[in-house]
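One structure is given below, encoded as structure tokens.
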Amino acid sequence: MDHSSPSDKNLSIQPDTLAMIAKARAEGLEVVWDRAAAQEPQCGFCELGLSCRICVMGPCRIDPFGDGPQRGICGADAHIMVARNLGRMVAGGAAAHSDHGRDLVETLLAVGEGKAPGFGIADTAKLDRLAAEFGVEAELPTLDKAKELALAIMEEYGIKKGYLTFTRRLPEVRLEKWRALGIEPRGVDWEVTEMMHRTHMGVDNDATNLLLQALRVALADGWGGSMIATEISDVLFGTPKPTASQVNLGVLKEDQVNIILHGHSPLVSEMVVRAAQDPKLLARAQELGAKGINVVGLCCTGNEVLMRQGIPMVGNHLVQELALVTGAVETIVVDYQCIMPSLGDLAACYHTKFYTTATKAKFPGAIHLPFSPETGEALGRELVVQAVENFALRRPERVLIPGTPVAQVSGFSVEVIEQALGGTWEPLLTAIKAGQIRGAVGVVGCNNPKVVQDYGHTTLTRKLIENDILVVDTGCAAVAHAKAGFKQAEAAELAGPGLKAVCQALGIPPVLHMGSCVDNTRIINLAAALAQALGVDLDQLPLAAAAPEWYSEKAATIATYAVASGIYTVLGVMPPVLGSSAVTDLLLNGLEAPLGATFAVEPDPTKAADLIMSHIEAKRRGLGLKAR
Ligand code: SF4
Ligand code: SF4
């Protein structure tokens, strides 16, 4: 019997999602959309950014209609309140990405010291390039170099002399813009701490000054913590190369042990992927009646192992609970970020075992097996052992795996794109100059139950590629695009004639998967490389970014560092800023003059595409290129 209601069709465009919502309903299980409905109406003060609970004189609210209080108890007005709240949001996102990056650096140090069995240096060329960037001696043996690089990068987090090293990848003219505003990023932790300090009661009470620090902390993420996470992951596990794989709930296998890897870090997940190939564990799985061990990914841990190992992707953010509702998951292993605290309850409704692996991220209903570089390899094996043994407890009558997997190609690192172009950016620039490719857009970010799942991403991207705009993507947007079939070479047929010809010549899809959320730094590195090749600043390029379905603090930080780096960015969900005309005006208009880019907010993805296309044509005119 179909237990879905007609209104369920408004929750997602994905048939596999809708099928599992119906199964959850039939089994009396609560999922994210039920809780979203129970929260209605959501607090209007909070939506406008007009509530504050920074201190316990409060909580305080400001009446947006002018009848009630216009100041918090301390005297903060609407502009201060909104700016402080936004600043803390951006600091939260920067902290999350950057702390993730630190875990990679600690592991690199352990590798260099010979204390991380099972881990090693997978990309020595990248190690050499980074060592040169950070002033590490070129002649050192590989492991010593890894150790010295890790120690040098740790300095990026602290009270650094000067500014973050990766900012030197940018054209000087961009750094001059930051210097003029006083937002050149210093140590990563320094900027996060200063944002938290400034937003304490009675510190920074100037909305513009607060927002400048929000830009600075975001830059410390984009050109600091996140970029460190990406680069060191590549050193440890390899820089991604094009890899064929599959996507959607159909990648779960009825006749195999299913292991889901969820969260953001590749540290545990890489070890699980390796252990799942162990012939002894495969033999044990067969003894228990399984045909194999099927490792799949979710969210950005999924993107990490998809990009490097071709591990199939079961889904994006709003699919995490539904994957367990299939009844076919032996084990879900998580690290941190974007993991719903409801997973423990859902896992308990099935035979599924839920493992947490980060000491800083524990969850109700989970078994905690902590990761360390020293024990990571053994942990990966133990997780697979537990999953295999759990297969015997699966209840086949409760299993329903919807959908047929869709093929996708991922793994488009900046290095691979450059190689595909023959080792120079010239062919891409020539195609852009000729108008074959009008420009490029990063479509990135999350799912949010306020938006029909994947509608925002796929509608925007379809229209962009139809109009000869190359799309690069990361995170949960990339999963949406893969499910829509945009990541197959044949998807070139969906593109306009110019982009189609380029894609067919290179054998690539019109939507290039560049990785996880921290890998948005691959996109800004690409933008910086193109700007350097053309001898211009990033804001002069026909580029844009969009986050049609964002929900997370990290997405707010990414959008902020994109704008501060000179990339026009369109959000599909309004951030909580409308309570202050000053803050809203600064974000939508006031950054254009000093930074050459602004935010825009447009919930309708078709209209968002129009905004982006007109921005790209304006930038083309600015460069003296033919515009439409
Ligand atoms: S910081 Fe001011 S506005 Fe915020 S809770 Fe305290 S008194 Fe209220
Ligand atoms: S894109 Fe958003 S929801 Fe998805 S993993 Fe990243 S931060 Fe989380």
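The values are calculated or read from the model by the stated rules, or taken from the named source; none is laboratory data. Computed from a prediction, not measured in an experiment: that's the story for all the values here. Counting neighbours? That spans all protein chains shown, and the Cβs are built from the backbone with ideal geometry, glycine included. Calculation scope for accessible area: heavy atoms of the full protein, side chains included, ligands and nucleic acids excluded. Shrake-Rupley method; radii C 1.70, N 1.55, O 1.52, S 1.80 Å.
Listed values, structure above:
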read-out: Antiparallel content of DSSP bridges confined to the chain, in %, to 5; value: 20
read-out: Portion, in percent, of the accessible area of the chain that falls on carbon or sulfur, probe 1.4 Å; value: 56
read-out: The range 1-134: Cα Rg divided by the 2.2 N^0.38 Å rule of thumb; value: 1.73
read-out: Diffusion coefficient, µm² s⁻¹, Stokes-Einstein with Kirkwood Rh over alpha-carbon pairs of the range 230-293 at 4 °C and 1.567 mPa s; value: 94
read-out: Lysines whose Cα lies under 23 Å from that of residue 280, excluding same-chain neighbours fewer than 8 positions away; value: 253, 291, 353
read-out: Neighbourhood charge, 10 Å Cβ-Cβ cut-off, centred on residue 195 and excluding it, Lys, Arg +1 and Asp, Glu -1; value: +1
read-out: Largest-first principal axis extents of the Cα set of the range 560-617 (Å); value: 27, 23, 16
read-out: Cα-based Lys proximity count in the range 111-247, under 18 Å, for pairs eight or more positions apart or on separate chains; value: 5
read-out: Alpha carbon centroid spacing (whole Å) that separates the range 294-367 from the range 23-86; value: 29
read-out: Per DSSP, loop trypsin sites (Lys or Arg not before Pro) in the range 41-76 with at most 16 further Cβ within 10 Å; value: 53, 71
read-out: Gap separating the Cα centres of the range 606-622 and the range 556-596, nearest whole Å; value: 17
read-out: Surrounding net charge for residue 520, when Lys and Arg each add one and Asp and Glu each subtract one, Cβ distance under 12 Å; value: -1
read-out: Longest to shortest principal axis, alpha-carbon extents of the range 14-71, angstrom; value: 48, 24, 16
read-out: Ellipsoid semi-axes in whole angstrom, largest first, where each is sqrt(5λ) of the Cα gyration tensor of the range 488-577; value: 25, 18, 12
read-out: Probe 1.4 Å, all protein chains present, accessible-area order of 179, 168, largest first; value: 168, 179
read-out: Within the chain: Cβ-based charge dipole about Cα centre, in debye rounded to nearest 20 (Lys, Arg +1; Asp, Glu -1); value: 560
read-out: Calculated P(r) tail over 47 Å for the chain, as whole % of Cα pairs; value: 11
read-out: Three-way shape label, the range 372-415, alpha-carbon gyration tensor, a/c 1.5; value: oblate
